[in-house]
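Notes follow once the structure below has been shown.
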């Protein structure tokens, strides 16, 4: 049985996605360079092809392990987990689908949106998850 399989899966996924999305947005405020720093980190950790695909809106999923390795050393997973009130494993699993969506909204075509648009973009992102 997988991490997100079994009874109550849809409800649990929805709750986890909302918590992780909120936690990630809060953690990104503390992340060096914000979204631009996140892009740079992921590229440096070998996920450049995935980052390019995600910012173009392509569904090129990474495994939880790839997400964890791509963000290892940044404390972003740990901060997201802390803000979300879930485990690092849950964060890594949810980021498989959330990270591509986040990057498509905040860095379309690998161009990071101006900070002044982040509030609107965050609301749009959350409306797609809720």
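Please treat every number below as a calculation from the coordinates, not as lab data. These figures come from a predicted structure and were not determined experimentally. When we count neighbours, we look across all protein chains shown, and the Cβ atoms used for this are built from the backbone with ideal geometry, even at glycine.
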Subject >> Selection within the stretch 42-62 - crowded, with 19+ Cβ neighbours inside 10 Å and in contact with a helix residue (DSSP H, G or I) (Cβ under 7 Å, 6 or more places away or on another chain) >> reply: 42, 47, 51, 54, 55, 62
Original post:
Looking only at the stretch 11-67, which residues are within 15 Å of residue 94 (Cβ to Cβ) and more than 14 Å from the chain's Cα centre (by Cα)?
Top reply: 11, 12, 13, 14, 15
Original post:
Just for the stretch 66-79: of the residues that are out of contact with any helix residue (DSSP H, G or I) (no Cβ under 6 Å at 6 or more places or on another chain), touching a residue at least 12 places away in the same chain (Cβ under 8 Å) and part of a helix (DSSP H, G or I), which one is nearest to residue 17 (Cα to Cα)?
Top reply: 66
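Restricting to the stretch 80-105, name every residue that is on the phi < 0 side of the Ramachandran plot and not in a helix (DSSP H, G or I). Show your work before the answer.
Of all residues in the stretch 80-105, those on the phi < 0 side of the Ramachandran plot come to 80-84, 86-105.
Once the filter is applied, which keeps residues that are on the phi < 0 side of the Ramachandran plot and not in a helix (DSSP H, G or I), the stretch 80-105 yields 86, 87.
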Subject >> Those residues of the stretch 77-100 which are crowded, with 18+ Cβ neighbours inside 10 Å and within 22 Å of residue 58 (Cβ to Cβ), in sequence order >> reply: 92, 93, 94, 95, 98, 99, 100
Original post:
Under the condition of being touching a helix residue (DSSP H, G or I) at 6+ places or on another chain (Cβ under 7 Å) and without any contact (Cβ under 8 Å) to a residue 24 or more places away in the chain, which residue from the stretch 80-117 is farthest from residue 16 (Cα to Cα)?
Top reply: 105
**OP:** Return a yes/no flag: does the stretch 106-115 have any residue that is buried (at least 21 other Cβ atoms within 10 Å of the Cβ), assigned to a helix (DSSP H, G or I) and on the phi < 0 side of the Ramachandran plot.
**Re:** yes
